[in-house]
Amino acid sequence: MTKPGLIVLICLFSLAVSAQQFMSGSERCSHSKSMKHLLVERSLKTAAETGHAFDVINYKLYINLDSCMIAPYPNSFKADVSVTFKVDSTLNQIVLDAYNGSLTIDSVRLNGVSFVHLANKLIIQLNRTYNPGEVATVHIYYRHADVTDYAFYAKDGFAFTDFEPEGARRFFPCYDKPSDKATTDITAIIPSNGRIASNGRLEDSLQIGNTYKYHWISRDPVATYLTVLTGKVGFSLDIVKWTNPNTSKIIPIRFYYNAGENPTYMENMIGNMTTFYSQQYGDHPFEKNGFTSLNDEFSWGGMENQTLTSLCQNCWSESLIAHEFAHQWFGDMITCQTWADIFLNEGFATWSDAHWTEHQSGYDAYKSIMNQNASYYLNYNPHWAISVPSWAVTTPDVNVLFDYAITYMKGSCVLHMLRYTLGDDVFFPALKAYATDTVDFKYKSATIEDFKNKMETESGQQLDWFFDQWVYKPDHPIYQNEYGIYAKPNSSWTVQFIAKQVAQPSLPYFQMPIELKIYFNDGADTLIRVFNSFNNQFFSFDFNKKPVQLIFDPNNDILLKQATTVVGMDNFQASNKDFGLKVSPNPVNAGAVISYKLDKPAYIEADLYDNTGRETRHLFEKYCIAGEYSQSFDFAGLAPGTYFVVMHSQGRSQTVKVIKTL
């Protein structure tokens, strides 16, 4: 007879398995990271730590995990780490992170140095004063206690690490912030019937009695939270060799998996995925890559450790791997400089998962995913910004840092809206230029401001407004638009539209290029794109056939919004006449005359926008008395295409489409 409690457990297990089967890769990633409830300590800061006056060059770690992988599977081990660092400013001591609850420091060596291990900090008094540019190495001998610390796991023949955001300090003394990346040299001793993998390449392995010594070296710098060791007795291993089509270099991609699992589908897929990401973001950046399937202590998702991604049991899903593998470029190769810059990791990887689907199944499939991401955010928005400045100093709780609605869903939608704002012809080359910039970003860390500045440089556009409203401010616009259709003499028609947002305390007006689809009585339609820069902005469009309907943002490219658009502008029209704005000739080749009229004195501005909503020319701004005006302008320097002359004054605006010919 089955006990009631057992029935409940079975049901819960079934629901958990079912939930995992239908989770996207980003959702699994978020669940995995937000479950790390105990990883962020509130350590005491010391005066010597302020400014971080040294740069870690290399961590050389020697660790014996043999007993951890044999029953009764204790978490205790002995290890030593050599920390090589370069001095940035004069110093006679360094401060490393070392969690007191896990690590006991036995000794530190550098010609008789002294140390203090207190409040999760290891303060090492150096043997002398070091000057900027000098390089030194401290050797630290330590022990890990037999405790559960949510960074190192040992169970049933498994021994693995999982550090994000700040769990590396529970495994080895280090400077545990993502801004200071260093190469690694890791040697691990395990039982002879096991395998263990780490960052970088396998330099050598050697059997010593009943143990095996594995030696892994990463030539490329690694953030401490992306450092990894994963071992298991009886691990199965397959190696897929990917050939870089640009260099013919062969990159091994290693698949470690448990008995009963079958990663064949992803082994067959990974070559195409590597080629695609390499085309989009630059060549695969590392000398190897790999994936490991773990046990029930690592639930729900994945962790993008550099060159060795951790996955939950039997989680060989395409979406999860597309998300985690994209992190090898965005998160690993280019790492967020602080936790206030997490957008550069999770927003990019989540968007890349959808972009991979676009490559595989087309734009509509991509857009369906992005619409779902936006819907999740709108339903579960916790009302904080993607990036909060204080996070750069004080790491937030993991449930905040890895909040699914903000960090993943909103982050991915912001990248889509940047793509929409810039246009594909600008966005994709600019993104690749960021990822392949070897001077400032590749194998380094970056801030959101760094990324913004790079996109401005590559696009030639000023983007402060975009990042301020979408990244540094919470929430989203609430549109309550209005439009009207009016007959004019000579069988012509005017469509007038007001872009109106509900004012929200402490939030800016959300500027965006907006698209309006206008349908006509003959079944045809036209798509108009204008830039909406202020509230109650008025647009007017003339046609020689009858319009019947206007749709705001017909493709839902402004993903993060609430919007209504209604017919009903009679009162507004009566008190807000347009300027009678005209451009002649239209189409225009070189010279044209812009004419307009004012029914009362006003300060007016006029600008020219291209078809992407980007301002290409500031035409004029001046104070005018009531009357009719005309002004000549030279369009000869513009590329052929569609442009918009926008005139506005005191909440009124009119737009005229101009066709520029050869």
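Simple spin-label model, 7 Å along Cα-to-Cβ: residue 106 to residue 534 in nm?
That separation, rounded to one decimal, is 7.2 nm.
For each of 390, 317, count neighbouring Cβ atoms within 10 Å of the residue's Cβ, then give the residues from fewest to most.
Arranged by neighbour count, lowest to highest, 390, 317 become 390, 317.
What does the highest-first list of 617-626, 76-85, 209-218 look like by mean Cβ count within 10 Å?
76-85, 209-218, 617-626
Students often check this: by mean Cβ neighbours within 10 Å, which of 251-261, 543-553 ranks highest, and how do the rest follow?
251-261, 543-553
Kindly point out which whole DSSP H helices in the chain project their C-alpha atoms 18 angstrom or further along the helix axis while averaging a Kyte-Doolittle hydropathy of 1.6 or above.
Those that pass (Cα extent of 18 Å or more, hydropathy at least 1.6) are 4-22.
Run the simple label-point estimate for residue 264 and residue 363 please: 7 Å along Cα→C-beta, distance reported in nm.
3.7
Would you be so kind as to identify which of 555, 252, 438 lies farthest towards the positive end of the dipole of the chain, taking Lys and Arg as +1 and Asp and Glu as -1 on Cβ and the Cα centre as origin?
555
Which whole-number percentage describes the relative contact order of the stretch 235-333, with Cα contacts under 8 Å and a sequence gap of 6 or more?
Relative contact order here is 24 percent.
Which one, 507, 198, 133, is farthest towards the positive end of the dipole of the chain when Lys and Arg carry +1 and Asp and Glu -1 on their Cβ?
Of the options given, the answer is 507.
Compute the distance in nm between two label points, each set 7 Å from the Cα along the Cα-to-Cβ direction, one at residue 456 and one at residue 193.
6.2
Would you mind ranking 486, 408 so that the residue whose beta carbon has the fewest other beta carbons within 10 Å leads the list?
Ascending Cβ contact count within 10 Å gives the list 486, 408.
Would you mind counting up the charge near residue 437? Only other residues with Cβ under 11 Å from its Cβ, with Lys and Arg at +1 and Asp and Glu at -1.
Net local charge, residue 437 excluded: +1.
If Lys and Arg each add +1 and Asp and Glu each add -1, what is the summed charge of the other residues whose beta carbon sits under 15 Å from the beta carbon of residue 270?
Result for the neighbourhood of residue 270: -3.
Counting only DSSP beta bridges with both residues in the stretch 475-630, what percent are antiparallel, rounded to the nearest 5?
90
Given the pairs 177/249; 249/432; 454/582, which are separated by over 29 angstrom at their Cα positions?
177/249; 454/582
Using Cα pairs under 8 angstrom and six or more residues apart, how large is the relative contact order of the stretch 304-434, in percent?
The normalised contact order for the stretch 304-434 reaches 27 percent.
Ignoring everything except DSSP H segments at least 4 long, calculate the 222 nm mean residue ellipticity for the chain; use -39,500 (n - 2.57) per segment, divide by total residues, nearest 500.
Estimated from H runs of four or more residues: -6500 deg cm²/dmol.
What lysines could a cross-link reach from residue 517, if we take a straight Cα to Cα line under 21 Å and drop same-chain neighbours fewer than 8 places away?
Once the sequence-local lysines are set aside, what remains near residue 517 is 367, 488, 500, 545, 546, 561, 657.
Averaged over all directions, how much area does the convex hull of the C-alpha atoms of the chain cover when projected, in nm²?
37.2
Among 164, 203, 267, which comes first, then next, by fewest other beta-carbon atoms within 10 Å?
Result, fewest neighbours first: 203, 267, 164.
Where both partners of a DSSP beta bridge lie in the chain, what percent of those bridges are antiparallel, to the nearest 5?
Around 85 percent antiparallel, to the nearest 5.
Hey, what do the phi angles of the stretch 242-250 turn into as Karplus ³J(HN,Hα) couplings, whole Hz, using 6.51/-1.76/1.60 and θ = phi - 60°, x for Gly and Pro?
9, 9, 5, x, 8, 10, 6, 6, 9
For an R0 of 25 angstrom, estimate the FRET efficiency from the Cβ-Cβ distance between residue 480 and residue 600 and round to the nearest 0.05.
Calculated transfer efficiency: 0.35.
How big is the dipole moment of the chain about its Cα centre under a simple scheme where the beta carbon of each Lys and Arg is +1, that of each Asp and Glu is -1, and everything else is neutral? Debye, nearest 20, please.
It works out to roughly 220 debye.
Each reported figure results from applying straightforward, stated rules to the coordinates on display, with no laboratory input. Predicted model only: the values in this text are computed from it and were never measured. Cβ coordinates were reconstructed from backbone atoms using ideal geometry, including for glycine residues, and neighbour counts include every protein chain displayed.
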